[in-house]
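K.L.:
Right, I'll just put the structure down here and ask away after.
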Amino acid sequence: MKKIEIITRTFKLDDVKTALAGAGVKGMTVAEVKGFGRQGGHKEVYRGAEYQVDFVPKIKIDVVVEDGLAGQVVEAARKAAHTGQVGDGKIFVSPVEEVVRIRTGETGDDAV
Amino acid sequence: MKKIEIITRTFKLDDVKTALAGAGVKGMTVAEVKGFGRQGGHKEVYRGAEYQVDFVPKIKIDVVVEDGLAGQVVEAARKAAHTGQVGDGKIFVSPVEEVVRIRTGETGDDAV
Amino acid sequence: MKKIEIITRTFKLDDVKTALAGAGVKGMTVAEVKGFGRQGGHKEVYRGAEYQVDFVPKIKIDVVVEDGLAGQVVEAARKAAHTGQVGDGKIFVSPVEEVVRIRTGETGDDAV
Amino acid sequence: MNVADNAFILICAALVMFMTPGLALFYGGLVRSKNVLATIMQSFIMLGLMSVLWAVIGYTLSFGHDIGGIIGGLDFAFLNGVGMDNVGSPAENLPHMTFMIFQCMFAVITPALISGAFAERMKFGGFMVFSALWLILVYAPMCHWVWGGGWMGQMGALDFAGGAVVHMSSGAAALCCAILIGKRKGHGSTAFIPHNLPMTILGAAILWFGWFGFNAGSALAADGLAANAFVTTHMAAAAAALSWIVAEWVHGGKATTLGAASGAVAGLVAITPAAGFITPMWAIVLGLAAGVVCYGGIMLKNRFGYDDALDVVGIHGVGGTFGALATGVLATVGAEGLIAGNAHQVWVQFVSVVATWGFCFAMTFVIFKAVDATIGLRATDEEQDRGMDVSEHSETGYQM
Amino acid sequence: MNVADNAFILICAALVMFMTPGLALFYGGLVRSKNVLATIMQSFIMLGLMSVLWAVIGYTLSFGHDIGGIIGGLDFAFLNGVGMDNVGSPAENLPHMTFMIFQCMFAVITPALISGAFAERMKFGGFMVFSALWLILVYAPMCHWVWGGGWMGQMGALDFAGGAVVHMSSGAAALCCAILIGKRKGHGSTAFIPHNLPMTILGAAILWFGWFGFNAGSALAADGLAANAFVTTHMAAAAAALSWIVAEWVHGGKATTLGAASGAVAGLVAITPAAGFITPMWAIVLGLAAGVVCYGGIMLKNRFGYDDALDVVGIHGVGGTFGALATGVLATVGAEGLIAGNAHQVWVQFVSVVATWGFCFAMTFVIFKAVDATIGLRATDEEQDRGMDVSEHSETGYQM
Amino acid sequence: MNVADNAFILICAALVMFMTPGLALFYGGLVRSKNVLATIMQSFIMLGLMSVLWAVIGYTLSFGHDIGGIIGGLDFAFLNGVGMDNVGSPAENLPHMTFMIFQCMFAVITPALISGAFAERMKFGGFMVFSALWLILVYAPMCHWVWGGGWMGQMGALDFAGGAVVHMSSGAAALCCAILIGKRKGHGSTAFIPHNLPMTILGAAILWFGWFGFNAGSALAADGLAANAFVTTHMAAAAAALSWIVAEWVHGGKATTLGAASGAVAGLVAITPAAGFITPMWAIVLGLAAGVVCYGGIMLKNRFGYDDALDVVGIHGVGGTFGALATGVLATVGAEGLIAGNAHQVWVQFVSVVATWGFCFAMTFVIFKAVDATIGLRATDEEQDRGMDVSEHSETGYQM
Ligand SMILES: Nc1ncnc2c1ncn2[C@@H]1O[C@H](COP(=O)(O)OP(=O)(O)O)[C@@H](O)[C@H]1O
Ligand SMILES: Nc1ncnc2c1ncn2[C@@H]1O[C@H](COP(=O)(O)OP(=O)(O)O)[C@@H](O)[C@H]1O
Ligand SMILES: Nc1ncnc2c1ncn2[C@@H]1O[C@H](COP(=O)(O)OP(=O)(O)O)[C@@H](O)[C@H]1O
């Protein structure tokens, strides 16, 4: 199985979720994260003291899928998250050796 | 070494922590996440406008263990997190190639 | 490619970021997490009721790099995050099979 | 009619009104974030429900002509005869309306106080019905007994601003409800840690601020007595905030911010019956004692095993009782307590305490059972897991 | 000069001042967290800008000697002749300064009210200029017409505390601005969920508390009329909080905390023109109606497709209008409405409603267009994405 | 005794009381979230500690019979002789208790103000002892000198509501403490970003609201002078909020919400000594200047390298000094300053400024050193890392 991590803009969450569901994904897990990258950050000023904030809010969506679905899912996510502006983010794919569904104890492809 | 990711209900944190510690785990890292899955979400209404919220609060516990411990840990986590209701969550196991303890520079099994 | 996860103290974020950038990293993603480990927690008391809080705030920095850079990056992160006190945290390295830049569709080493 | 007194009492009424949202925040900060709105709502909506009920029926049951020392007649139902002048006003120096609305604010906050006991697990619909019945069947009689010409007042019980009417009554109801509704899901295993203590401190601050209206306003004039009540109120709150944090520090821990806030509220509760009857220095003594007594009060729930979520019994029940008895001992201003040589007053106070607890507990029991049997009061485990905000109100407190 | 009245009105002025930061929190909790400060700022800074403008020019345009029923003369420019005694004071019982500063607080909050309509997308610089012009070209004339000796007052229009001057005017301006500035980026696709409802509740509570100063203070004396206005204010708010949550419950959902708070504000808005003219029981009826009417009011934006972000039109526009008309029907205290046999009053109120909407909408249109063409008012999509806090103020609200 | 004045001053005392929790929130929002409770506590608990000390000893040292212009005698120790009537009252129109409790609120907030300087690094136990000593050894003498019949008042120094007694004294103490306690761990390398600016804005709003009690109440009567002080207070705050954001905007940045709040507080500080002595239009001028002056004031710490965490020196020290001197220039109401032809007043003000800074700085130095040597004041690096909430109070602010 593969784990696909999609790091992208916060307001794209709904679009990506819908796209993934469309690609056959049954579940996913989302975290609020902060990203550093080409997009750059912004300045903040508090009582005359300037701070450079390099991190911008992003979301990270983790989804584990059976091997065969991975390509499709990556493509669906890429399209849904795309705006063409710097800061659209990345998709990482990595191997997962085992999956267990806690409720039933099912493992492998049945569990996702 | 293996990384075990346990995604489950927030109020199960203490139970899972205790179970993992019992299985010999010395450290773990927890993140608050939101999950989408079979459990479904809920409706929210603000001044008459309805929103469907598909994401429910979950926790994600990451624990890296030596290969030999992985099976035990997965089993301990599964038992501790189990309620039998939809939404209990998943456990993912994936390979880790290297571990470093920042304080000492130790690597490998010594570092976890 | 490799994914390097650095779990360390929150106030080390800027130091680690600078060190990683110095090692050639162009982007990274940070999450606020809670860690359980040797460092231990603290006691909290609310209206006479004591609670043991075992989790301490940490940050987790995820950075995906091409294979050749991994060693350097780990070393840079380790140095920057090091204080020598219990609780400095861990670095985990794991394999990543594919990377996609959402904006351009680039994949592989070009995408990080 | 005295225009200065009217100015004073109207502003005091506004201050007392502000206490109810203050209480909402005080309580709201103490629960888990998934229940913050439901908890706030159970105080806030009392401003709506109790005010209207007060106008319709509550005021007249409390202050209508006395019927056998038990209840007020229906003279003022629907605010009939409650006018802009002082005709029929229980306070001759005030427009009848001013007196009525000042009293209204007390009727609003009292049922709100109870809600701390069953926080995080009561259904909203049942709560509304329970509270409405409680106003009519518990608060209005109590208010009549003490201030409306009823038997407690006739007996000579001293209750300057509501030790019995407000705090003991809500404390007794809280105890009853906490027992009947049962513990929150997860009680004993889950940590119930306050989700937002700055909110709780803000709530305590608003309560303290508003309490000047509550107690000084109960002089019903801007005279020296009001000044005395104002000063004793402040000093008791101050002293109790200190003694509570000393108690918890001695008790092997640290002085906590929540302790300071809780102590302040405990002092305010305890001084309420006494505010116009004792001197400022005795108020300090009373406050110092109240902080320690109520710190002990909140430990009771562990010993007896009921889940009084936000310590209504420990603070309002115990503090109100302590204050009522202390009034019998310390009264020297316009009344005579034990230290002024009148031991009888302690007995009178004791009777009023027992009667208040007994009546309020029993009547609350009946109301609770009736509502529970018909509409239902306890949220299911699943609803509690999800949080009362989502399950009862389809809202969430924060989207950070 | 009456010292008790002076005490009362000074405290009332403080209460009304407190409403503007209350509004800031009420609005601030309703936006997304990335816009919380910008939203708060658009209310808070009105305390700065409007107060100074009021002293310089606003007060005299409103209360200087009447010029043709249209505007006040420049007699009091730079507070010239506004002294510590009652010389020249429109209220003989009050120091001229007391009257001036009480009125100042109304001028502060009115433009702040509008800001809810264009929340989350207006640039700060343009907003400041827009608001300054609006005070001078819309608020001051309106205030003069109604309270300063202008034509509306002469005509006999009843507006006790600002149904037209404050609520309809800001509601009409809100409608105009919401249309002209366009929808927020993401409107229709993104969920605009309140980020901090406890903050909104706190804001509503402060508004309610301050509104006693607003309405009772508008009696300009601590007399029975003030008591009446105080009581009607409280009862209308209470009733509307109830009826709003009943409406949303019947409408197929749950009773919500935001609904209770919104209802309370709706009731406060609707009672504003009527507070001193109707009786408490009619105030309850008016409040019950207002909760339902304004609940309907907030649905209008979906039907007509403008993005009135925080429902200024639905609550202040609709509620103020409803209250003004209801005053014409229900007035029996010191004035006569329909139920007192004076059908003409309804007509007078109707004329004042139409004139207020027409004048305020048109003038706001001109001001908006002028400022937009010169300085610019709408933030870019990119700025909206990043959030107005960072893009306009280089700050962020929370660092938890 | 005047009942209207009594009503007014009691309400004003309540308003001033509310300022201390307002300050707690103002400060609490500015620190990092791990220190929010400890910071709030250092203000909130002053309501406890200072109030009791005031009753026991502080009031009599301040307002007991004058001993050599230096200190008050022990006549009123333990509130002996402070009654419900005006016997012995420094204000004949007020019950002695009313005067005492109004003054008490000033004694509460002044030490709380200092705590901003050493925020995020002072241990709680030492803080309590330091504050107690400071009340007795610094505040009480200062209060006596200016208002209690001491030498500064005799000399003719003008301080309407506490420019010297409250703001310069706490500013000087803040400077001393910031230097002596040293910088926070991480100063210079870590970003110290406010964790909750809406909380800070709320705090500023409560301060502004309460400041009406502070300044207008200092007229000690509900007369025209109170109206004047009320108006000048509001206008100075308004003007300073504006000028601060203009200053930061010109200074190359954006107008910030924190700037508006800080400016408002700066204006309130600066008008404090002047409120009853200058006219409203001069108050606007003073406010405009104060915003810029204090914006400059907060830059001093970077130049001189002390870590005045929350800018107590820059705002209260600098603002209070500026206001005191400006009073000498602008006084025309009931006193004569430079523009009324009395250049001497400027000299008198100058002397009072120098004496205040010198005395307060030196005495604070002694107290700090004594407490530090015995109990200890600075938290360890490890405690600072963990956060003062957990390490000093075993609590955390938020569990979202
Ligand atoms: N090497 C990396 N490892 C982990 N996360 C990364 C990496 N590079 C970028 N990211 C994440 O992707 C986000 C977008 O990257 P950025 O360089 O700003 O724009 P783009 O993806 O359009 O090139 C970053 O904010 C960060 O969260
Ligand atoms: N394929 C997946 N990838 C990542 N996370 C998942 C996946 N499927 C489910 N999850 C996570 O597990 C949680 C529980 O899943 P759900 O389908 O609701 O119930 P169950 O685990 O009982 O089948 C989800 O809320 C989500 O956080
Ligand atoms: N086996 C593990 N798996 C995942 N995270 C771990 C593991 N062990 C430690 N951690 C993380 O590293 C942090 C530091 O570990 P700790 O044992 O306290 O100190 P040290 O790293 O100095 O040995 C923990 O708080 C936790 O977040």
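What follows draws every value from the coordinates through simple rules; no lab data is involved. Since the model is a prediction, treat every value here as computed from it, not as a measurement. Cβ: placed from backbone, ideal geometry, glycine included. Neighbour counts: every protein chain shown.
K.L.:
Could you derive backbone 3J(HN,Hα) for the stretch D:38-43 from the dihedral phi with the Karplus parameters 6.51, -1.76 and 1.60 (θ = phi - 60°), listing whole Hz in sequence and x where the residue is Gly or Pro?
P.N.:
4, 5, 4, 4, 5, 8
K.L.:
Taking the Cα centre of the stretch E:16-175 as the origin, how large is its charge dipole in debye, to the nearest 20, when only Lys and Arg (+1) and Asp and Glu (-1) carry charge on their Cβ atoms?
P.N.:
In debye, rounded to 20, the stretch E:16-175 gives about 760.
K.L.:
What ranking of F:L37, F:L133, E:L330, F:L74 emerges when the number of other C-beta atoms within 10 Å of each C-beta is taken as an exposure proxy, fewest first?
P.N.:
F:L74, F:L133, E:L330, F:L37
K.L.:
Distances from B:D67 to the same position in the other copies: list them in nm, one decimal, shortest first, using label points 7 Å from Cα along Cα→Cβ.
P.N.:
Ordered by distance, the counterparts are at 1.9, 1.9 nm.
K.L.:
Continuing with this model, one more query. Would you mind calculating the relative contact order of the stretch B:2-111 from Cα pairs under 8 angstrom and at least 6 residues apart, reporting the percent as a whole number?
P.N.:
Relative CO of the stretch B:2-111 lands at 41 percent.
K.L.:
Which distances, in nm and shortest first, link the E:R303 label point to the same label point in every other copy, taking 7 Å along Cα→Cβ?
P.N.:
6.3, 6.3
K.L.:
Right, another one. Helix-derived [θ] at 222 nm for chain C: sum -39500 (n - 2.57) over DSSP H runs of at least 4, divide by residue count, nearest 500? Display every interim value, and only then the final one.
P.N.:
Numbers: 2 runs with 22 residues, N = 112.
Here the helix-only value at 222 nm equals -6000 deg cm²/dmol.
K.L.:
Put one equal scatterer on each alpha carbon of the stretch C:2-111, apply the Debye formula with no solvent term, and list log10 I(q)/I(0) at q = 0.18, 0.23 1/Å to two decimals.
P.N.:
For the stretch C:2-111, the Cα-only Debye profile gives -0.88, -1.23.
K.L.:
Measuring from label point to label point, each 7 Å out along Cα→Cβ, what is the E:V129 to F:T190 span in nm?
P.N.:
Once both label points are built, they end up 4.4 nm from each other.
K.L.:
Still on this structure, I have one more. Got a sec to turn the phi values of the stretch E:93-100 into Karplus ³J(HN,Hα) couplings, 6.51 cos²θ - 1.76 cosθ + 1.60 with θ = phi - 60°, whole Hz, x for Gly and Pro?
P.N.:
Once θ is set to phi - 60°, the couplings for the stretch E:93-100 become 7, 10, x, 4, 4, 5, 4, 4 Hz.
K.L.:
If the limit is 28 Å between Cα atoms, which of A:K90/E:K301; C:K34/C:K79; B:K17/C:K90; B:K34/E:K34; A:K17/E:K34 go over it?
P.N.:
Checking Cα-Cα distances, A:K90/E:K301 exceed 28 Å.
K.L.:
Further question on the same structure: Calculate the FRET efficiency for D:T332 and F:L137 from the Cβ-Cβ distance with a Förster distance of 35 Å, rounded to the nearest 0.05. Could you put the intermediate results ahead of the total?
P.N.:
On the way: r = 34 Å, r/R0 = 0.97.
Efficiency, rounded to the nearest 0.05: 0.55.
K.L.:
State, as an integer percentage, the relative contact order of chain F based on alpha-carbon contacts under 8 Å between residues 6 or more apart.
P.N.:
23 percent
K.L.:
How big is the charge dipole of the protein assembly as shown about its Cα centre, in debye rounded to the nearest 20, if each Lys and Arg gets +1 on its Cβ and each Asp and Glu gets -1 on its Cβ?
P.N.:
2400 debye
K.L.:
When chain C is modelled as a GNM with alpha-carbon springs shorter than 10 Å, which of C:E97, C:E50, C:E66 fluctuates the most?
P.N.:
Comparing C:E97, C:E50, C:E66 in the GNM, the peak value goes to C:E50.
K.L.:
Quick check: Cα centre of the stretch A:12-34 to Cα centre of the stretch C:1-31, how many Å?
P.N.:
For the stretch A:12-34 versus the stretch C:1-31, the Cα centre distance is 25 Å.
K.L.:
Quick one: Karplus J couplings for the stretch F:252-269, per residue in order, coefficients 6.51, -1.76, 1.60, θ = phi - 60°, nearest Hz, x for Gly and Pro?
P.N.:
x, x, 10, 6, 10, 5, 4, x, 4, 5, 5, x, 4, 5, 4, x, 5, 4
K.L.:
Within the P(r) computed for the stretch F:329-400, what percentage of the Cα pairs occupies the region above 17 Å?
P.N.:
69 percent
K.L.:
List the distances, in nm and shortest first, from the label point of F:H65 to the matching label points in every other copy, placing each point 7 Å from Cα along the Cα-to-Cβ direction.
P.N.:
Once sorted, the set of distances for F:H65 reads 5.9, 5.9 nm.
K.L.:
How far, in whole Å, is the nearest Cβ of chain F from the axis relating it by rotation to chain E, and which residue carries it?
P.N.:
F:A4, 2
K.L.:
Rounded, prolate or oblate: which fits the protein assembly as shown, taking a ≥ b ≥ c as square roots of the Cα gyration tensor eigenvalues, rounded meaning a/c under 1.5, else prolate when a/b beats b/c?
P.N.:
rounded
K.L.:
About its Cα centre, how strong a charge dipole does the stretch F:3-388 have in debye, to the nearest 20, once Lys and Arg get +1 and Asp and Glu get -1 at the Cβ? All intermediate terms of the calculation are to be shown ahead of the outcome.
P.N.:
Working: 13 positive and 18 negative charges, 223 e Å.
Its charge dipole is roughly 1060 debye.
K.L.:
Using the Cα centre of the stretch C:2-111 as origin and beta-carbon charges of +1 (Lys, Arg) and -1 (Asp, Glu), tell me which of C:I61, C:F36, C:F92 is placed farthest towards the positive end of the dipole.
P.N.:
C:F36
K.L.:
For the residue pair F:W151 and C:Q72, what label-to-label distance in nm results when each label sits 7 Å from Cα along the Cα-to-beta-carbon direction?
P.N.:
For the pair F:W151/C:Q72, the computed spacing is 7.1 nm.
K.L.:
Which whole-number percent gives the relative contact order of the stretch E:227-374, counting Cα pairs below 8 Å spaced six or more residues apart?
P.N.:
On the way: 251 pairs, mean separation 32.0, N = 148.
Relative CO of the stretch E:227-374 lands at 22 percent.
K.L.:
Running Debye on the stretch E:3-388 with equal point scatterers at the Cα sites and no solvent, what base-10 log of I(q)/I(0) appears at q = 0.07, 0.09, 0.12, 0.13 Å⁻¹?
P.N.:
Log10 of I(q)/I(0), two decimals: -0.27, -0.46, -0.84, -1.00.
K.L.:
With a 10 Å cut-off between alpha carbons and a GNM built on chain F, which of F:H344, F:H96, F:H234 moves the most?
P.N.:
Answer for the Gaussian network model of chain F: F:H344.
K.L.:
So for the pair E:V87, D:V56, with labels modelled 7 Å out along Cα→Cβ, what separation do we get in nm?
P.N.:
5.6 nm
K.L.:
Hey, another quick one. With a 10 Å cut-off between alpha carbons and a GNM built on chain E, which of E:G64, E:G210, E:G125 moves the most?
P.N.:
Top of the fluctuation ranking is E:G125.
K.L.:
Right, here's the next one. Using amide H atoms built 1.01 Å from N in the peptide plane, name the residues 5+ places from B:D88, or on other chains, whose amide H lies under 5 Å from its own.
P.N.:
Amide H neighbours of B:D88: A:R103.
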